[in-house]
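Accompanying notes for the structure given below.
The values are calculated or read from the model by the stated rules, or taken from the named source; none is laboratory data. The model shown is predicted, which means the values in this text are computed figures rather than measured ones. Virtual Cβ from ideal backbone geometry, glycine too; neighbours counted across all protein chains shown.
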Amino acid sequence: MTTELIKGDITTIKADAIVNAANSSLLGGGGVDGAIHRKGGKAILEACVTIRDKQGKCKTGNAVITIAGNLPAKYVIHTVGPVWNGDSEEKNALLADCYRNSLTLAVKNNVKVIAFPNISTGIYHFPKDKAADIAITTVNNFAQKEKIDKVIFVCFDDENYQLYEEKLNRIKQ
Ligand code: ADP
């Protein structure tokens, strides 16, 4: 498994799957969630509604998979990040769950290239430095790593991009 860092908009990435930082309703929201539904079209929302009707809300740390509608990716994996409200082991573990459960779902669906946004670091206010450490460590420790060819970290803002660049370079050295 290799890792790649990209600065930009995840809705433009032609991966097997892109990950959405969704909310538990699965019915769309702001930030990256809004961008994915806007660009992907209503087929994604309809697929989310079908999942919701079957299983109810998506719990924090869990992930579900849908088609990607008009996006260049094949699938969207929707995961619900934790809302930050002070440092706690529980929140850190839930953010790690998002990455681990998304990767597990990717493997189940034969996804080889997967792109992640910086889950929870927008509206959910998770500190970016801590979130980047959790994301990189969880991806690198993923048990079925050999089944994924590439993980792309897509950073939308400069601060996240710089943090990831520094941390990923440190690992490579
Ligand atoms: P959360 O509610 O999990 O915090 P947000 O969508 O508010 O979700 O933010 C998560 C991260 O996604 C933030 O770092 C934000 O800058 C980033 N983001 C927002 N729009 C996009 C996009 N189109 N592509 C990639 N990342 C995005």
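Here are some notes:
- First in the range 1-12 and in contact (Cβ under 8 Å) with a residue 60 or more places away in the chain, second anywhere and near the ligand (Cβ under 9 Å from one of its atoms) and basic (Lys, Arg), Cβ under 9 Å, 6 or more apart: Asp9/Lys39; Thr11/Lys39; Thr12/Lys39
- Taking first residues from the range 59-88 that are over 16 Å from Ile123 (Cα atoms) and partners that are at pLDDT below 95 and among the β-branched types (Val, Ile, Thr), no Cβ contact under 8 Å between residues at least 6 apart in sequence or on separate chains turns up.
- Unmet requirement for Thr138, which otherwise passes all of (1) part of a helix (DSSP H, G or I); (2) surrounded by fewer than 17 Cβ atoms within 10 Å (Cβ to Cβ); (3) of a type in the set (S, T, N, Q): (2)
- Condition check for Tyr161 on (1) in a loop (DSSP other than H, G, I, E, B); (2) under 28 Å from Gly41 (Cα atoms); (3) touching a residue at least 40 places away in the same chain (Cβ under 8 Å); (4) within 13 Å of the ligand (Cβ to nearest atom): one failure, at (1).
- Boolean, Tyr124 is touching a Phe, Trp or Tyr at 6+ places or on another chain (Cβ under 8 Å), among the hydroxyl-bearing types (Ser, Thr, Tyr) and within 14 Å of the ligand (Cβ to nearest atom): yes
- Taken as a whole, the condition of being touching a residue at least 12 places away in the same chain (Cβ under 8 Å), in a helix (DSSP H, G or I) and aromatic (Phe, Trp, Tyr) does not apply to Tyr124.
- Among the residues of the range 20-31, at least one is in contact with a Pro (Cβ under 9 Å, 6 or more places away or on another chain) and buried (at least 23 other Cβ atoms within 10 Å of the Cβ).
- Restricting attention to the range 103-118, the residues that are assigned to a helix (DSSP H, G or I) and within 16 Å of the ligand (Cβ to nearest atom) total 0.
- Complete set of residues in the range 69-116 that are at positive phi and small (Gly, Ala, Ser): Gly69, Gly86
- Residue ID - farthest from the ligand (Cβ to nearest atom), chosen from residues in the range 141-158 that are surrounded by 14 or more Cβ atoms within 10 Å (Cβ to Cβ) and over 24 Å from Ile36 (Cα atoms): Lys147
- Test: residue in the range 36-49 that is under 20 Å from Pro127 (Cα atoms), among the hydrophobic types (A, V, I, L, M, F, W, C), out of contact with any Asp or Glu (no Cβ under 8 Å at 6 or more places or on another chain) and at pLDDT 95 or above: no
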